[in-house]
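Asker: Got a structure for you, written out below as structure tokens; questions coming shortly.
The values are calculated or read from the model by the stated rules, or taken from the named source; none is laboratory data. The structure presented is a predicted model; accordingly, all values stated were derived computationally and were not measured. No Cβ is skipped: glycine too gets one built from the backbone with ideal geometry, and neighbour counts run over all protein chains shown. Remember, those area values only see protein heavy atoms, side chains included, never the ligands or the DNA or RNA. Shrake-Rupley method; radii C 1.70, N 1.55, O 1.52, S 1.80 Å.
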Amino acid sequence: MDTSKIGNFIKECRNKKQMTQQQLGEKLFVEAKTISKWETGKGIPDVSIMYSLCEVLDISLKELFLGEKINDEHKEKELEKIILETFEREKRINKRNIIGEIVVGISLIFLVVISILMVSYASLTYPLRLL
């Protein structure tokens, strides 16, 4: 996926609509710097916002993924490949996030168990004396 090409396409479509980055951001509930990040190719819109972006810019999701207007069948096939690669990348990222959450959860449980054991050991070793 060519993020620079997609960014230039978003900028071109925004300019055709005579919108500023701020105005587009307001319509999508994101900051103008987010729009700038997309347009400079430093990132792409999140999947959850792509449909709204396409509606505002009057383009198709296929055109957004390709970074240009679609005029022929060859472009359609190229686009299918890009879309599949994007969804596979999203799945891998989500899988990594889930694994990370599991590791953090297990670590927290381990820390709680260790803390309980330490408190129990301390209370057995140093019993409280009543005055």
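Asker: So how many residues does segment 1-44 have that are of a type in the set (Gly, Ala, Ser) and open to solvent by 80 Å² or more (accessible area, probe 1.4 Å)?
Answerer: Adding up the residues that qualify gives 0.
Asker: Answer yes or no as to whether Cys54 is more than 28 Å from Asn94 (Cα to Cα) and either open to solvent by less than 50 Å² (accessible area, probe 1.4 Å) or touching a Cys at 6+ places or on another chain (Cβ under 6 Å) (or both).
Answerer: no
Asker: Does segment 21-39 contain at least one residue that is among the β-branched types (Val, Ile, Thr) and touching a Lys or Arg at 6+ places or on another chain (Cβ under 8 Å)?
Answerer: The first filter runs over segment 21-39 and keeps only residues among the β-branched types (Val, Ile, Thr), leaving 30, 34-35.
Subsequent filtering for residues that are touching a Lys or Arg at 6+ places or on another chain (Cβ under 8 Å) retains 35.
There is at least one residue in segment 21-39 that is among the β-branched types (Val, Ile, Thr) and touching a Lys or Arg at 6+ places or on another chain (Cβ under 8 Å).
Asker: Check Lys42 against each of (1) closer than 17 Å to Asp2 by Cβ; (2) touching a residue at least 40 places away in the same chain (Cβ under 8 Å) and name the one condition it does not meet.
Answerer: Only one criterion in (1) closer than 17 Å to Asp2 by Cβ; (2) touching a residue at least 40 places away in the same chain (Cβ under 8 Å) is unmet by Lys42, namely (2).
Asker: Against the conditions (1) within 15 Å of the chain's Cα centre (by Cα); (2) without any contact (Cβ under 8 Å) to a residue 12 or more places away in the chain, where does Glu90 fall short? Just the number, please.
Answerer: It is condition (2) that Glu90 fails.
Asker: Which number in (1) among the acidic types (Asp, Glu); (2) free of Cβ contacts under 8 Å to residues at least 12 places away in the same chain; (3) touching a Cys at 6+ places or on another chain (Cβ under 9 Å) marks the one condition that Glu63 misses?
Answerer: Of everything listed in (1) among the acidic types (Asp, Glu); (2) free of Cβ contacts under 8 Å to residues at least 12 places away in the same chain; (3) touching a Cys at 6+ places or on another chain (Cβ under 9 Å), Glu63 misses just condition (2).
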